[in-house]
1. For the range 54-102, what are the residues that are closer than 15 Å to L30 by Cβ, part of a strand (DSSP E or B) and free of Cβ contacts under 8 Å to residues at least 40 places away in the same chain?
2. Right, V57: surrounded by fewer than 20 Cβ atoms within 10 Å (Cβ to Cβ), of a type outside the set (S, T, Y) and either farther than 23 Å from L22 by Cβ or at pLDDT below 90 (or both) or not?
3. List pairs: first in the range 11-23 and touching a residue at least 60 places away in the same chain (Cβ under 8 Å) and over 13 Å from L82 (Cβ atoms), second among the hydrophobic types (A, V, I, L, M, F, W, C) and surrounded by 15 or more Cβ atoms within 10 Å (Cβ to Cβ), Cβ under 7 Å, 6+ apart or cross-chain?
Amino acid sequence: MSSGRITATAAARKLIKHLKELHGPIMFHLSRGCCDGSAPMCFKVGDFKLGSVDEKVGEIVGCEFWMLREPLRHWVNTRWTLDAAPGRGASFSLEAAMNQRFLVRLSFGEGTPGTPGGLQGESARSR
């Protein structure tokens, strides 16, 4: 179902399964601001270029979830739940055309998996 510090609700898993049937392998990226940057974006694998500043947060239903490293460092004590809801979200994200949107729900506290300090994952630089 998940790996790393992120899990998914049943609604998110259902939407991911549908998007994979339509588009093939997909991945997620969360940046930190501008435009739709505060919403998780879903892309076909290969349609979004990862950079040396991106870090893998985990995987959901076989889909990699990436985020910019700098804001990720500020969220070291969080666990994430990817959810899906009706309504238009991130304009460049695959689910937008279906009037659906992904969102991340955070919980705070101890128990965040990963290396000391809570960070886990691989750098896009190492790929």
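The values are calculated or read from the model by the stated rules, or taken from the named source; none is laboratory data. In this text the structure is predicted, and so the values were computed from the model without any measurement. Here Cβ is always computed from backbone atoms with ideal geometry, including for glycine, and neighbour counts include all displayed protein chains.
1. E64, M67, L68
2. no
3. What qualifies is H23/L94.
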